1. So B:Tyr119 fits all but one of (1) open to solvent by less than 50 Å² (accessible area, probe 1.4 Å); (2) under 18 Å from the mean Cα position of the chain (by Cα); what number is the exception?
2. Looking at (1) facing chain B (nearest Cβ under 9 Å); (2) more than 17 Å from the chain's Cα centre (by Cα); (3) open to solvent by less than 10 Å² (accessible area, probe 1.4 Å), which one does A:Ile240 not meet, given that it meets all the others?
3. Given A:Leu134, A:Leu160, which one is in contact with a Lys or Arg (Cβ under 8 Å, 6 or more places away or on another chain) and without any contact (Cβ under 8 Å) to a residue 12 or more places away in the chain?
4. Taking the residues in region B:144-162 that are within 12 Å of chain A (Cβ to nearest Cβ) and closer than 30 Å to B:Cys41 by Cα as candidates, determine which candidate is nearest to the chain's Cα centre (by Cα).
5. Does A:Lys77 satisfy the criteria of being at pLDDT below 95, outside any strand (DSSP E or B) and surrounded by 15 or more Cβ atoms within 10 Å (Cβ to Cβ)?
6. Within the set of pairs 6 or more residues apart or between chains, which connect a residue that is within 14 Å of B:Gly207 (Cα to Cα) inside region B:223-247 to a residue that is of a type in the set (Ser, Thr, Tyr) with Cβ atoms less than 7 Å apart?
7. List pairs: first in region B:100-118 and on the phi > 0 side of the Ramachandran plot, second assigned to a strand (DSSP E or B), Cβ under 8 Å, 6+ apart or cross-chain?
8. Given region B:163-233, what strands (runs of 3 or more DSSP E) lie entirely inside it while holding 2 or more residues that are within 8 Å of another protein chain (Cβ to nearest Cβ), over 21 Å from the mean Cα position of the chain (by Cα) and of a type in the set (Gly, Ala, Ser)?
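The values are calculated or read from the model by the stated rules, or taken from the named source; none is laboratory data. Keep in mind it's a predicted model, so treat the numbers as computed, not measured. When we count neighbours, we look across all protein chains shown, and the Cβ atoms used for this are built from the backbone with ideal geometry, even at glycine. Surface areas here come from the heavy atoms of the whole protein model, side chains and all, with no ligands, DNA or RNA. Shrake-Rupley method; radii C 1.70, N 1.55, O 1.52, S 1.80 Å.
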Protein chains: 2
Amino acid sequence: MTEQNIFDNQHFFDGYKEIRGREVNYNNAIEQPAMSKMLPCLTEKTVLDLGCGYGYNCTDFIERGAKKVLGIDISKKMLEVAKAESSDPHIEYMQLSMTEISSLNMKFDLVYSSLAIHYIEDFKKLMTDIYGLLNNGGTLLFSQESPFITASPKVGGYNLDENGRRVSFTFSDYSICGAREEHWLDTDYIKYHRTFSKIFTDIAQSGFVISEVCEPMPDKSAVEKCPSMSGQYIKPQFLIVKAVKKG
Amino acid sequence: MTEQNIFDNQHFFDGYKEIRGREVNYNNAIEQPAMSKMLPCLTEKTVLDLGCGYGYNCTDFIERGAKKVLGIDISKKMLEVAKAESSDPHIEYMQLSMTEISSLNMKFDLVYSSLAIHYIEDFKKLMTDIYGLLNNGGTLLFSQESPFITASPKVGGYNLDENGRRVSFTFSDYSICGAREEHWLDTDYIKYHRTFSKIFTDIAQSGFVISEVCEPMPDKSAVEKCPSMSGQYIKPQFLIVKAVKKG
(Lines give C-alpha, C1' and ligand atoms only; values in the text may rest on other atoms or scores of the structure.)
Protein backbone atom coordinates (compact mmCIF):
# COMPACT_ATOMS: atom_id res chain seq x y z
CA MET A 1 0.00 0.00 0.00
CA THR A 2 1.21 3.50 -0.85
CA GLU A 3 0.75 5.83 2.09
CA GLN A 4 -1.62 8.72 1.52
CA ASN A 5 0.35 11.98 1.45
CA ILE A 6 -2.11 14.81 0.80
CA PHE A 7 0.08 17.53 2.30
CA ASP A 8 2.56 17.16 -0.56
CA ASN A 9 -0.28 18.20 -2.91
CA GLN A 10 0.55 21.90 -3.43
CA HIS A 11 -3.08 23.05 -3.59
CA PHE A 12 -4.04 21.25 -0.38
CA PHE A 13 -0.86 22.41 1.33
CA ASP A 14 -1.56 26.07 0.43
CA GLY A 15 -5.22 25.90 1.48
CA TYR A 16 -4.34 24.28 4.79
CA LYS A 17 -1.62 26.85 5.49
CA GLU A 18 -4.10 29.70 4.90
CA ILE A 19 -6.63 28.23 7.38
CA ARG A 20 -4.00 27.50 10.03
CA GLY A 21 -2.77 31.10 9.69
CA ARG A 22 -6.14 32.61 10.67
CA GLU A 23 -6.27 34.46 13.98
CA VAL A 24 -9.01 32.21 15.38
CA ASN A 25 -9.27 28.69 14.01
CA TYR A 26 -10.36 25.36 15.45
CA ASN A 27 -6.77 24.36 16.15
CA ASN A 28 -5.52 27.41 18.03
CA ALA A 29 -8.83 28.13 19.82
CA ILE A 30 -10.00 24.65 20.77
CA GLU A 31 -7.63 21.76 20.20
CA GLN A 32 -4.20 23.21 20.99
CA PRO A 33 -5.09 24.90 24.34
CA ALA A 34 -6.59 21.62 25.59
CA MET A 35 -3.60 19.59 24.42
CA SER A 36 -1.21 22.04 26.15
CA LYS A 37 -3.06 21.65 29.46
CA MET A 38 -2.81 17.87 29.23
CA LEU A 39 0.95 17.74 28.59
CA PRO A 40 3.04 16.06 31.29
CA CYS A 41 6.11 17.82 32.70
CA LEU A 42 8.76 17.72 29.94
CA THR A 43 11.89 18.78 31.83
CA GLU A 44 14.81 16.66 30.53
CA LYS A 45 12.37 14.38 28.68
CA THR A 46 12.44 12.94 25.17
CA VAL A 47 9.50 13.41 22.81
CA LEU A 48 8.31 11.85 19.56
CA ASP A 49 5.82 13.98 17.59
CA LEU A 50 3.80 11.90 15.08
CA GLY A 51 2.70 14.01 12.14
CA CYS A 52 4.67 17.02 13.36
CA GLY A 53 3.63 19.25 10.42
CA TYR A 54 5.15 22.72 10.72
CA GLY A 55 7.06 21.66 13.87
CA TYR A 56 5.42 24.30 16.07
CA ASN A 57 4.79 21.76 18.83
CA CYS A 58 8.37 20.48 18.61
CA THR A 59 9.75 23.93 19.49
CA ASP A 60 7.15 24.23 22.25
CA PHE A 61 8.38 20.95 23.77
CA ILE A 62 11.94 22.32 23.79
CA GLU A 63 10.73 25.53 25.47
CA ARG A 64 9.09 23.33 28.10
CA GLY A 65 12.44 21.74 28.89
CA ALA A 66 12.54 18.65 26.70
CA LYS A 67 16.11 17.59 25.98
CA LYS A 68 15.43 15.86 22.64
CA VAL A 69 12.51 15.94 20.18
CA LEU A 70 12.02 13.83 17.09
CA GLY A 71 9.35 15.13 14.71
CA ILE A 72 8.21 12.80 11.97
CA ASP A 73 5.89 13.54 9.06
CA ILE A 74 5.09 11.82 5.82
CA SER A 75 5.06 15.16 3.97
CA LYS A 76 8.30 16.57 2.61
CA LYS A 77 6.68 20.00 2.16
CA MET A 78 5.61 20.10 5.79
CA LEU A 79 9.11 19.16 6.93
CA GLU A 80 10.61 21.93 4.76
CA VAL A 81 8.48 24.45 6.64
CA ALA A 82 9.40 22.81 9.96
CA LYS A 83 13.12 22.98 9.22
CA ALA A 84 12.83 26.64 8.13
CA GLU A 85 10.50 27.89 10.88
CA SER A 86 10.94 25.52 13.82
CA SER A 87 14.56 24.48 13.92
CA ASP A 88 16.53 23.86 17.10
CA PRO A 89 19.72 21.87 17.81
CA HIS A 90 17.68 19.50 19.99
CA ILE A 91 15.01 18.83 17.36
CA GLU A 92 15.42 16.29 14.59
CA TYR A 93 12.96 16.09 11.69
CA MET A 94 12.53 12.89 9.71
CA GLN A 95 10.32 12.00 6.76
CA LEU A 96 8.59 8.86 8.02
CA SER A 97 5.05 7.54 8.07
CA MET A 98 3.69 6.77 11.52
CA THR A 99 2.92 3.28 10.20
CA GLU A 100 6.69 2.71 10.23
CA ILE A 101 7.69 3.91 13.70
CA SER A 102 8.49 0.42 14.92
CA SER A 103 11.70 0.83 12.85
CA LEU A 104 12.88 3.60 15.21
CA ASN A 105 15.61 2.38 17.51
CA MET A 106 14.90 4.78 20.37
CA LYS A 107 12.69 5.18 23.43
CA PHE A 108 10.68 8.25 24.42
CA ASP A 109 9.00 9.73 27.51
CA LEU A 110 6.17 11.27 25.50
CA VAL A 111 4.62 10.26 22.21
CA TYR A 112 2.48 13.12 20.97
CA SER A 113 0.23 13.48 17.95
CA SER A 114 -2.04 16.35 16.98
CA LEU A 115 -4.84 15.62 14.51
CA ALA A 116 -3.05 13.05 12.41
CA ILE A 117 -4.05 9.65 13.72
CA HIS A 118 -7.39 9.59 11.86
CA TYR A 119 -5.35 9.18 8.63
CA ILE A 120 -4.03 5.81 9.85
CA GLU A 121 -5.88 2.62 9.01
CA ASP A 122 -4.54 0.18 11.60
CA PHE A 123 -5.15 1.87 14.95
CA LYS A 124 -4.42 -1.20 17.08
CA LYS A 125 -1.00 -1.68 15.47
CA LEU A 126 -0.21 2.01 15.96
CA MET A 127 -1.08 1.80 19.67
CA THR A 128 1.09 -1.30 20.06
CA ASP A 129 3.98 0.38 18.21
CA ILE A 130 3.71 3.50 20.40
CA TYR A 131 3.62 1.39 23.56
CA GLY A 132 6.82 -0.30 22.43
CA LEU A 133 8.55 3.07 21.88
CA LEU A 134 7.70 4.49 25.32
CA ASN A 135 9.81 4.28 28.43
CA ASN A 136 8.06 2.91 31.53
CA GLY A 137 6.00 5.72 33.01
CA GLY A 138 5.86 7.40 29.60
CA THR A 139 2.80 9.15 28.22
CA LEU A 140 0.81 8.98 25.02
CA LEU A 141 -1.14 12.18 24.27
CA PHE A 142 -3.05 12.44 21.00
CA SER A 143 -5.92 14.31 19.43
CA GLN A 144 -8.04 13.25 16.49
CA GLU A 145 -11.25 14.33 14.85
CA SER A 146 -14.19 13.20 16.95
CA PRO A 147 -15.96 10.00 15.94
CA PHE A 148 -19.05 12.24 15.57
CA ILE A 149 -17.25 13.88 12.62
CA THR A 150 -15.52 10.90 11.08
CA ALA A 151 -18.67 8.71 11.14
CA SER A 152 -20.34 10.08 8.00
CA PRO A 153 -18.57 12.97 6.25
CA LYS A 154 -21.04 12.82 3.36
CA VAL A 155 -24.28 12.39 5.36
CA GLY A 156 -25.77 15.00 7.64
CA GLY A 157 -23.95 17.81 9.39
CA TYR A 158 -25.40 20.74 11.27
CA ASN A 159 -29.10 21.60 11.04
CA LEU A 160 -29.97 25.31 11.16
CA ASP A 161 -32.94 27.20 12.59
CA GLU A 162 -34.79 29.94 10.66
CA ASN A 163 -32.12 32.45 11.74
CA GLY A 164 -29.30 30.32 10.38
CA ARG A 165 -28.08 29.21 13.80
CA ARG A 166 -26.79 25.71 14.37
CA VAL A 167 -29.31 23.78 16.49
CA SER A 168 -28.59 20.08 16.03
CA PHE A 169 -26.32 17.64 14.21
CA THR A 170 -27.11 14.68 11.97
CA PHE A 171 -24.87 11.71 11.26
CA SER A 172 -25.03 8.07 10.22
CA ASP A 173 -23.02 4.83 10.08
CA TYR A 174 -21.32 5.52 13.41
CA SER A 175 -21.14 1.85 14.37
CA ILE A 176 -19.38 0.84 11.15
CA CYS A 177 -15.61 1.36 11.50
CA GLY A 178 -13.51 1.87 8.39
CA ALA A 179 -12.40 4.17 5.58
CA ARG A 180 -14.36 7.32 4.76
CA GLU A 181 -13.86 9.39 1.63
CA GLU A 182 -13.44 13.04 2.49
CA HIS A 183 -13.41 16.11 0.29
CA TRP A 184 -11.80 19.30 1.64
CA LEU A 185 -9.82 22.07 -0.01
CA ASP A 186 -10.74 20.66 -3.44
CA THR A 187 -8.99 17.41 -2.54
CA ASP A 188 -10.30 13.85 -2.15
CA TYR A 189 -8.69 11.78 0.56
CA ILE A 190 -9.33 9.05 3.11
CA LYS A 191 -9.84 9.21 6.85
CA TYR A 192 -10.55 6.26 9.09
CA HIS A 193 -13.59 6.24 11.32
CA ARG A 194 -13.47 4.37 14.60
CA THR A 195 -16.07 4.20 17.34
CA PHE A 196 -15.28 5.42 20.86
CA SER A 197 -15.40 1.79 22.03
CA LYS A 198 -12.89 0.63 19.38
CA ILE A 199 -10.53 3.50 20.26
CA PHE A 200 -10.59 2.93 24.02
CA THR A 201 -10.49 -0.85 23.84
CA ASP A 202 -7.50 -0.82 21.48
CA ILE A 203 -5.63 1.63 23.72
CA ALA A 204 -6.40 -0.43 26.85
CA GLN A 205 -5.54 -3.74 25.23
CA SER A 206 -2.19 -2.40 24.02
CA GLY A 207 -1.24 -2.16 27.69
CA PHE A 208 -1.97 1.51 28.36
CA VAL A 209 -3.72 2.94 31.40
CA ILE A 210 -6.12 5.61 30.12
CA SER A 211 -5.77 8.59 32.45
CA GLU A 212 -7.76 11.43 30.90
CA VAL A 213 -10.14 11.96 27.98
CA CYS A 214 -11.17 15.38 26.70
CA GLU A 215 -13.64 16.70 24.15
CA PRO A 216 -12.40 20.29 24.19
CA MET A 217 -14.70 23.32 24.02
CA PRO A 218 -13.92 26.86 22.83
CA ASP A 219 -13.90 29.57 25.46
CA LYS A 220 -16.30 32.52 25.37
CA SER A 221 -13.93 34.90 23.57
CA ALA A 222 -13.33 32.38 20.78
CA VAL A 223 -17.08 31.96 20.26
CA GLU A 224 -17.49 35.76 20.14
CA LYS A 225 -14.83 36.01 17.43
CA CYS A 226 -16.09 32.94 15.57
CA PRO A 227 -19.82 32.41 16.37
CA SER A 228 -20.06 29.14 14.44
CA MET A 229 -17.92 27.61 17.21
CA SER A 230 -21.03 27.52 19.42
CA GLY A 231 -21.80 24.37 17.41
CA GLN A 232 -19.23 22.68 19.64
CA TYR A 233 -21.85 22.59 22.41
CA ILE A 234 -24.00 20.50 20.06
CA LYS A 235 -21.17 18.12 19.19
CA PRO A 236 -17.41 18.32 19.74
CA GLN A 237 -14.98 18.46 16.82
CA PHE A 238 -12.10 16.75 18.60
CA LEU A 239 -11.27 13.85 20.88
CA ILE A 240 -8.12 13.94 23.02
CA VAL A 241 -6.78 10.94 24.91
CA LYS A 242 -4.00 10.73 27.46
CA ALA A 243 -2.71 7.31 28.47
CA VAL A 244 0.25 6.08 30.46
CA LYS A 245 2.58 3.09 30.14
CA LYS A 246 2.87 1.68 33.65
CA GLY A 247 5.78 -0.71 33.72
CA MET B 1 -32.89 15.31 47.78
CA THR B 2 -35.51 12.57 47.48
CA GLU B 3 -34.26 9.82 45.22
CA GLN B 4 -36.24 9.28 42.04
CA ASN B 5 -38.07 5.95 42.22
CA ILE B 6 -40.07 5.54 39.04
CA PHE B 7 -40.29 1.75 39.22
CA ASP B 8 -42.55 2.01 42.27
CA ASN B 9 -45.03 3.87 40.04
CA GLN B 10 -47.46 1.01 39.17
CA HIS B 11 -48.15 2.21 35.62
CA PHE B 12 -44.44 2.51 34.75
CA PHE B 13 -43.70 -0.79 36.47
CA ASP B 14 -46.39 -2.60 34.44
CA GLY B 15 -45.35 -1.02 31.13
CA TYR B 16 -41.70 -1.86 31.72
CA LYS B 17 -42.52 -5.46 32.66
CA GLU B 18 -44.48 -5.91 29.43
CA ILE B 19 -41.56 -4.65 27.28
CA ARG B 20 -38.99 -6.75 29.10
CA GLY B 21 -41.22 -9.81 28.61
CA ARG B 22 -41.12 -9.54 24.80
CA GLU B 23 -39.28 -12.30 22.93
CA VAL B 24 -36.85 -9.88 21.27
CA ASN B 25 -36.12 -6.61 23.02
CA TYR B 26 -33.11 -4.30 23.22
CA ASN B 27 -32.07 -5.82 26.54
CA ASN B 28 -32.11 -9.50 25.68
CA ALA B 29 -30.92 -9.10 22.07
CA ILE B 30 -28.24 -6.44 22.42
CA GLU B 31 -27.23 -5.37 25.91
CA GLN B 32 -27.39 -8.58 27.93
CA PRO B 33 -25.45 -10.85 25.51
CA ALA B 34 -22.60 -8.29 25.40
CA MET B 35 -22.58 -7.90 29.18
CA SER B 36 -22.46 -11.69 29.62
CA LYS B 37 -19.42 -11.98 27.34
CA MET B 38 -17.59 -9.31 29.34
CA LEU B 39 -18.15 -10.91 32.76
CA PRO B 40 -15.00 -12.07 34.57
CA CYS B 41 -14.81 -15.60 35.98
CA LEU B 42 -17.14 -15.66 39.02
CA THR B 43 -16.16 -18.94 40.68
CA GLU B 44 -16.18 -18.39 44.47
CA LYS B 45 -16.49 -14.62 43.93
CA THR B 46 -18.70 -12.02 45.63
CA VAL B 47 -20.89 -9.72 43.56
CA LEU B 48 -22.78 -6.48 44.12
CA ASP B 49 -25.55 -5.77 41.58
CA LEU B 50 -26.52 -2.07 41.49
CA GLY B 51 -30.14 -1.64 40.39
CA CYS B 52 -30.74 -5.39 40.34
CA GLY B 53 -34.38 -5.09 39.24
CA TYR B 54 -35.99 -8.50 38.86
CA GLY B 55 -32.84 -10.20 40.12
CA TYR B 56 -32.31 -12.21 36.93
CA ASN B 57 -28.62 -11.34 36.81
CA CYS B 58 -28.20 -12.24 40.48
CA THR B 59 -29.31 -15.82 39.83
CA ASP B 60 -27.09 -15.90 36.74
CA PHE B 61 -24.07 -14.93 38.87
CA ILE B 62 -24.84 -17.81 41.27
CA GLU B 63 -25.12 -20.23 38.33
CA ARG B 64 -21.68 -19.01 37.22
CA GLY B 65 -20.21 -20.02 40.58
CA ALA B 66 -20.44 -16.85 42.68
CA LYS B 67 -20.54 -17.66 46.39
CA LYS B 68 -22.44 -14.55 47.49
CA VAL B 69 -24.51 -11.92 45.64
CA LEU B 70 -26.00 -8.74 47.04
CA GLY B 71 -28.66 -7.15 44.84
CA ILE B 72 -29.72 -3.63 45.67
CA ASP B 73 -32.52 -1.59 44.13
CA ILE B 74 -34.37 1.55 45.13
CA SER B 75 -37.71 0.04 44.06
CA LYS B 76 -39.66 -2.07 46.54
CA LYS B 77 -41.85 -3.45 43.74
CA MET B 78 -38.80 -4.61 41.80
CA LEU B 79 -37.40 -6.33 44.86
CA GLU B 80 -40.73 -8.09 45.47
CA VAL B 81 -40.43 -9.63 41.99
CA ALA B 82 -36.78 -10.46 42.62
CA LYS B 83 -37.55 -12.24 45.90
CA ALA B 84 -40.41 -14.18 44.29
CA GLU B 85 -38.72 -15.10 40.99
CA SER B 86 -34.98 -14.98 41.66
CA SER B 87 -34.40 -16.22 45.17
CA ASP B 88 -31.43 -18.28 46.28
CA PRO B 89 -29.82 -18.87 49.67
CA HIS B 90 -26.67 -17.10 48.45
CA ILE B 91 -28.49 -13.99 47.20
CA GLU B 92 -29.48 -11.15 49.46
CA TYR B 93 -31.79 -8.36 48.25
CA MET B 94 -31.75 -4.95 49.88
CA GLN B 95 -33.75 -1.79 49.23
CA LEU B 96 -30.98 0.79 48.84
CA SER B 97 -30.17 3.59 46.45
CA MET B 98 -26.82 3.30 44.72
CA THR B 99 -26.07 6.79 46.01
CA GLU B 100 -25.81 5.17 49.46
CA ILE B 101 -23.52 2.21 48.80
CA SER B 102 -20.65 3.71 50.77
CA SER B 103 -22.68 2.67 53.85
CA LEU B 104 -22.18 -1.02 52.96
CA ASN B 105 -19.63 -2.66 55.21
CA MET B 106 -18.48 -5.30 52.72
CA LYS B 107 -16.05 -5.82 49.84
CA PHE B 108 -16.79 -7.40 46.47
CA ASP B 109 -14.95 -8.97 43.54
CA LEU B 110 -17.41 -7.65 40.97
CA VAL B 111 -19.62 -4.59 41.01
CA TYR B 112 -22.17 -4.91 38.21
CA SER B 113 -24.87 -2.60 36.96
CA SER B 114 -27.18 -3.01 33.99
CA LEU B 115 -28.84 0.14 32.61
CA ALA B 116 -29.29 1.98 35.88
CA ILE B 117 -26.34 4.34 36.23
CA HIS B 118 -27.83 7.01 33.93
CA TYR B 119 -30.37 7.70 36.72
CA ILE B 120 -27.58 8.84 39.04
CA GLU B 121 -26.57 12.49 39.16
CA ASP B 122 -23.09 12.31 40.72
CA PHE B 123 -21.14 9.91 38.53
CA LYS B 124 -17.72 10.72 39.98
CA LYS B 125 -18.90 9.98 43.53
CA LEU B 126 -20.45 6.72 42.37
CA MET B 127 -17.19 5.63 40.74
CA THR B 128 -15.24 6.52 43.89
CA ASP B 129 -17.75 4.63 46.05
CA ILE B 130 -17.55 1.55 43.82
CA TYR B 131 -13.76 1.65 43.85
CA GLY B 132 -13.87 1.66 47.65
CA LEU B 133 -16.14 -1.41 47.72
CA LEU B 134 -13.99 -3.54 45.42
CA ASN B 135 -11.28 -5.94 46.46
CA ASN B 136 -7.89 -5.45 44.77
CA GLY B 137 -8.10 -7.07 41.35
CA GLY B 138 -11.86 -6.60 41.40
CA THR B 139 -13.92 -5.60 38.36
CA LEU B 140 -16.51 -2.95 37.60
CA LEU B 141 -18.81 -3.84 34.71
CA PHE B 142 -21.67 -1.54 33.84
CA SER B 143 -23.95 -0.62 30.98
CA GLN B 144 -25.83 2.60 30.46
CA GLU B 145 -27.75 4.31 27.68
CA SER B 146 -25.31 5.71 25.14
CA PRO B 147 -24.43 9.41 25.37
CA PHE B 148 -25.89 9.61 21.84
CA ILE B 149 -29.28 8.84 23.42
CA THR B 150 -29.04 10.75 26.66
CA ALA B 151 -27.78 13.96 24.96
CA SER B 152 -31.12 15.30 23.77
CA PRO B 153 -34.16 13.10 24.42
CA LYS B 154 -36.50 15.83 23.17
CA VAL B 155 -34.53 16.95 20.09
CA GLY B 156 -33.95 14.84 17.01
CA GLY B 157 -33.99 11.07 16.80
CA TYR B 158 -33.92 8.88 13.71
CA ASN B 159 -34.51 10.35 10.26
CA LEU B 160 -36.36 8.09 7.80
CA ASP B 161 -36.12 7.66 4.03
CA GLU B 162 -39.18 7.56 1.73
CA ASN B 163 -39.66 3.87 2.58
CA GLY B 164 -39.72 4.53 6.30
CA ARG B 165 -36.26 3.10 6.90
CA ARG B 166 -33.91 4.66 9.43
CA VAL B 167 -31.05 6.40 7.60
CA SER B 168 -29.50 8.87 10.04
CA PHE B 169 -29.77 10.24 13.56
CA THR B 170 -30.08 13.80 14.85
CA PHE B 171 -29.14 15.04 18.31
CA SER B 172 -28.09 18.20 20.12
CA ASP B 173 -26.54 19.50 23.35
CA TYR B 174 -24.09 16.59 23.57
CA SER B 175 -21.34 18.69 25.15
CA ILE B 176 -23.56 19.93 27.99
CA CYS B 177 -23.61 17.40 30.83
CA GLY B 178 -26.55 17.35 33.24
CA ALA B 179 -30.17 16.39 33.86
CA ARG B 180 -32.50 15.57 30.97
CA GLU B 181 -36.26 15.27 31.30
CA GLU B 182 -37.49 12.06 29.77
CA HIS B 183 -40.99 10.84 28.97
CA TRP B 184 -41.57 7.12 28.51
CA LEU B 185 -44.47 4.83 29.37
CA ASP B 186 -46.63 7.90 30.18
CA THR B 187 -44.17 8.87 32.88
CA ASP B 188 -41.92 11.93 33.30
CA TYR B 189 -38.55 11.30 34.89
CA ILE B 190 -34.92 12.43 34.90
CA LYS B 191 -31.84 10.88 33.39
CA TYR B 192 -28.35 12.33 33.53
CA HIS B 193 -26.39 12.94 30.36
CA ARG B 194 -22.62 12.70 30.43
CA THR B 195 -20.16 12.95 27.56
CA PHE B 196 -17.84 10.06 26.73
CA SER B 197 -14.92 12.17 27.97
CA LYS B 198 -16.59 12.86 31.34
CA ILE B 199 -17.41 9.17 31.79
CA PHE B 200 -13.92 7.88 30.98
CA THR B 201 -12.06 10.60 32.86
CA ASP B 202 -14.14 10.07 36.01
CA ILE B 203 -13.57 6.32 35.87
CA ALA B 204 -9.82 6.75 35.32
CA GLN B 205 -9.44 9.39 37.99
CA SER B 206 -11.25 7.22 40.53
CA GLY B 207 -8.28 4.85 40.25
CA PHE B 208 -9.65 2.33 37.78
CA VAL B 209 -7.80 0.83 34.82
CA ILE B 210 -10.26 0.79 31.90
CA SER B 211 -9.89 -2.59 30.22
CA GLU B 212 -12.69 -2.83 27.65
CA VAL B 213 -15.38 -0.62 26.17
CA CYS B 214 -18.26 -1.92 24.08
CA GLU B 215 -21.09 -0.38 22.05
CA PRO B 216 -22.97 -3.62 21.47
CA MET B 217 -24.68 -4.48 18.19
CA PRO B 218 -27.61 -6.87 17.56
CA ASP B 219 -26.83 -10.04 15.62
CA LYS B 220 -28.44 -10.82 12.27
CA SER B 221 -31.27 -12.94 13.67
CA ALA B 222 -32.30 -10.17 16.08
CA VAL B 223 -32.44 -7.64 13.21
CA GLU B 224 -34.54 -10.09 11.17
CA LYS B 225 -37.03 -10.43 14.03
CA CYS B 226 -36.95 -6.72 14.87
CA PRO B 227 -35.92 -4.73 11.73
CA SER B 228 -35.80 -1.39 13.55
CA MET B 229 -32.69 -2.70 15.32
CA SER B 230 -30.72 -2.01 12.12
CA GLY B 231 -30.74 1.56 13.45
CA GLN B 232 -27.99 0.40 15.80
CA TYR B 233 -25.54 0.57 12.88
CA ILE B 234 -26.38 4.29 12.64
CA LYS B 235 -25.88 4.88 16.37
CA PRO B 236 -25.62 2.49 19.31
CA GLN B 237 -28.20 2.44 22.09
CA PHE B 238 -25.84 1.31 24.83
CA LEU B 239 -22.38 1.90 26.25
CA ILE B 240 -20.67 -0.82 28.30
CA VAL B 241 -17.50 -0.27 30.30
CA LYS B 242 -15.28 -2.77 32.06
CA ALA B 243 -12.63 -1.48 34.46
CA VAL B 244 -10.34 -3.08 37.01
CA LYS B 245 -9.08 -2.05 40.43
CA LYS B 246 -5.36 -2.81 40.38
CA GLY B 247 -4.07 -2.70 43.93
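1. Among (1) open to solvent by less than 50 Å² (accessible area, probe 1.4 Å); (2) under 18 Å from the mean Cα position of the chain (by Cα), B:Tyr119 violates only (1).
2. Checking A:Ile240 against (1) facing chain B (nearest Cβ under 9 Å); (2) more than 17 Å from the chain's Cα centre (by Cα); (3) open to solvent by less than 10 Å² (accessible area, probe 1.4 Å), the one that fails is (2).
3. Details: A:Leu134 fails: without any contact (Cβ under 8 Å) to a residue 12 or more places away in the chain.
Answer to the check: A:Leu160.
4. Here the residue is B:Ser146.
5. Working: at pLDDT below 95: yes; outside any strand (DSSP E or B): yes; surrounded by 15 or more Cβ atoms within 10 Å (Cβ to Cβ): yes.
Against the criterion (at pLDDT below 95, outside any strand (DSSP E or B) and surrounded by 15 or more Cβ atoms within 10 Å (Cβ to Cβ)), A:Lys77 qualifies.
6. So the pair list comes out as B:Lys242/B:Thr139; B:Lys242/B:Ser211; B:Ala243/B:Ser211; B:Val244/B:Thr139; B:Val244/B:Ser211; B:Lys245/B:Tyr131.
7. From residues that are on the phi > 0 side of the Ramachandran plot, the pairs are B:Leu115/B:Ser143; B:Leu115/B:Gln144; B:Leu115/B:Glu145; B:Leu115/B:Phe238.
8. Details: elements: B:166-171, B:178-184, B:187-193, B:209-214.
Qualifying strands (runs of 3 or more DSSP E): none found.
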